[in-house]
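What follows is calculated from the coordinates using simple rules that are stated; it is not laboratory data. Quick caveat: nothing in here was measured; it's all calculated off a predicted structure. Positions of Cβ are backbone-derived with ideal geometry, glycine not excepted, and every protein chain shown enters the neighbour counts.
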């Protein structure tokens, strides 16, 4: 028996979990987690059982994952047994029934701490909370239509259950075993689990509440995939379309009646003789044209069905021939003689393929998806289908339990008598169907799979659907370049990462409609939230009232599709009912879907949270109210997330719903908006609307789309309203937004996340946590960042070495120092102006714009020494610094967008430190004395009489290097195109001329990027000032230090330069080190410490400037450590609360430039004099061969 309290007490005491495995009369063992494993020895009294011979030596191993997840495994201590290949202090009290562990039969039983047990499947349970009155349910993937009147196993295998205790605590148990099994629930309460192979591999999830358990469970098995936005639109399908014209009529009928509609399916009808990856040339030859036209005209998305059976006796069927040559099919083991395989006539038997029968007119072979070659072959087949005109957007895989049909005429598979098909122990997966063998309606269990045939199909049968889904999803993503979705009938643990699921071939019965609510809730527990049932039923012709109610309910399945069987000529899509004289069905479907589409932004956000956090999307009431016992057994109502509570009509002739509203604040919809619902507890809801009753929970804010959207594209183009449902004068909400279709938008941070909050003063606070958009891999980001830093290094050399150039210019143009110093004022002013161009780069390709600016800078640097007029020099400074400001503004955001919050802000810090790195190199007397920019085109190395080598670097060389770096950055565009982050939801096209549109676009950019709340604006301004101040300190410290060290401290130049170089080195080093530190320490702390260190350095300068050389060294080092981390830490802090967008980056650069500009304007002459003084000093040293304080 598992209880949360015992587990948590052990964890809180800081000791290892204790495994207490208490097995009546067989084993008694207590081990510590510190030992990790122990041996279990069977007692003599337990060696003989009635049915099987027990294994005498077992091994118990325990793995501690987190304080909430524990794994314990019981296996054969001597022989290696099959384990599921796709998955790489609490007491468990089994005294109720004991442990049986034999070769083909394993049983374990345990008490349960509560009667509230949920999950386990796939079965069609009559209630969400399990009946504990000795109910036995089989689990084994099988083509059994859902029906709550039987106790059969259905299409999937999910041996996972949760238990809810009365105090709201919850836990979950997963038995990771893919063999056929059954579970029996007993009144004690207790549970007994039997399986016919593998091992006992248990995972325990201890949660604070039921929703937390599912988060833990999906953190282990994998979170759900993120479907495209359009995948949440309404979908239509039928098995039995005769030709393309019939499909076209269905499409046009929905458009005519204004049915919201996004996806159209075609079942196996489109195939030529039901063969996969073909198109019927007689009846569906114009299907490709219809697909293309409707995709363009109606934004309709298309889905074909694919089954695993590949016909093997058609000589011209290249799909089979290629697969057969590559050995991609499930095989007979070599141990089964040819004559015992009962192969069909006239078929290749040299490859040991196991043949069965599905829909094609001949025997079929089954792909073995556990082989790499099979997966590649499968993907190539989809490429072929796409190339011949089936331009699918999503994929549907069926019959993948797998199924080999045994009814009708034709070849039937015959399995030789063996221990795997004819198992020695009868379990319910076998006898509930009156089957004489386990492989009935499937392929032989004795078959082998895997690269070397290492797996028996007996062991991996239930993994077939999962193994098929993985390469199918890969094919879809690779071919379309979009997310789309894969829909699979058969599922296993972790299938939610790759596929959605529909609940199978149900019937047009009221009970099946009710059952669908339970199935939908259970699959959310299993981590497969993209789930739904065939609306109006697959088998049979629905009565109009049943279809009306089912369309109302089905509009709020996460996966909403109307699907119908072959053989029924009357169709059942929503629009056809109006044409048949039942407009009430069409009206109910239309109105319910209108409501659904209004909620799609909220549903999309729920799937984002499921993908990222592992939440359920559709959940039972007890997940939100775990301490309310009234919710524990409710399975005729369900919730979307935490907010929307649906209470549908589920019974024939029902005129009101007996619903339960927990003790909370609830709102109900009205014609205009919503109103506060006055009642709580058990209420009666009348049938007063065309859509099912629903209530909205107080304390939340929902994004609501436009009314009457007929497809998701229209919905996305319309404005989004925020509906606020207050509770105690407050409410909160959020919304996920991306482009709706691209791959990995979450993983690569290509999205915005909006948070809404209603404050007590009735003001609405909106925060956009923009996850920057980038298309770069880590390698590309590293190359791009490196190239950017390299570029900065070269083009800032001309700023660091500008002194000698000005002296040359003074001599060349016979100009005064005051005239030359104007270049500094122009540089700061136009750098500031150039930085304001940042937002404009949002409208262009950043890489190409970057390349153009760099080339302009390089050209200007190259020709600067050749111009004959000082005014042209001024112009060149203007152009260079305009481009520099623009480049800084662009790359300011670019690097952050490439790296996001991982280390992008600190890459920014390194970028801003590039100037400091140049200063470090060029002010070092060992380098700076030997390196100067030469203003003529020469690269001669001159040897002076003082044995000091001076390398005269021509300006044109620097210019060429800058141009080359720019071209390299631009060239990366053709290797990996950089795509900027989308700021927010797409707005409607603005009417007017180009100027009006341009102005409107600028306004939208500013509003959406800045989100000008007072708090954020204050943070932005203060952060920008801090960045600007720190940059000015770093850039101008050289001039100040030269004067201060020589005139006040009386230090010789060599010593002063060495101290300065150490300061710059520690600054650069601290900037880089602060990146990994930021993963452990808040950027706010880094900024605070940096400012304290900067202040401390200034105090040390003031106190010890004339008394201690050691303290001067120390002060410089502390200053470097203090200034270095500021850049990255400030970016990290701001990026954590608001998006560092182009506008945001521009503000940082603007303030940096403004400080430089003001410095140039106010003390420009002083700065220029310092440059000249330093240059003159260098020249004096070169002429004298000495170091010292120059004459004043």
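Which of the peptides 202-214, 383-395 is most tightly packed, and how do the rest follow, going by the mean number of other Cβ atoms within 10 Å of each residue?
202-214, 383-395
Using bins of 5 Å that start at zero, the share of Cα-Cα pairs per bin across the stretch 452-553 amounts to 2, 12, 18, 17, 16, 14, 11, 6, 2, 1, 0, 0, in whole %.
Measuring spread by the Cα atoms of the stretch 347-485 yields a radius of gyration and Dmax of 16.7, 51 Å. As a proxy for reagent exposure, 522, 182 were ordered by neighbouring Cβ count within 10 angstrom, fewest first; the result is 182, 522.
Where does each of 80, 472, 480 land when they are ranked from fewest to most other beta-carbon atoms within 10 angstrom?
80, 480, 472
Please arrange 1119, 967, 521 by how many other C-beta atoms lie within 10 Å of their C-beta, fewest to most.
Details: 1119 26, 967 14, 521 22.
Listed from fewest to most nearby Cβ atoms, that is 967, 521, 1119.
The equivalent ellipsoid that matches the C-alpha gyration tensor of the stretch 65-214 spans semi-axes of 22, 21, 15 angstrom, in descending order.
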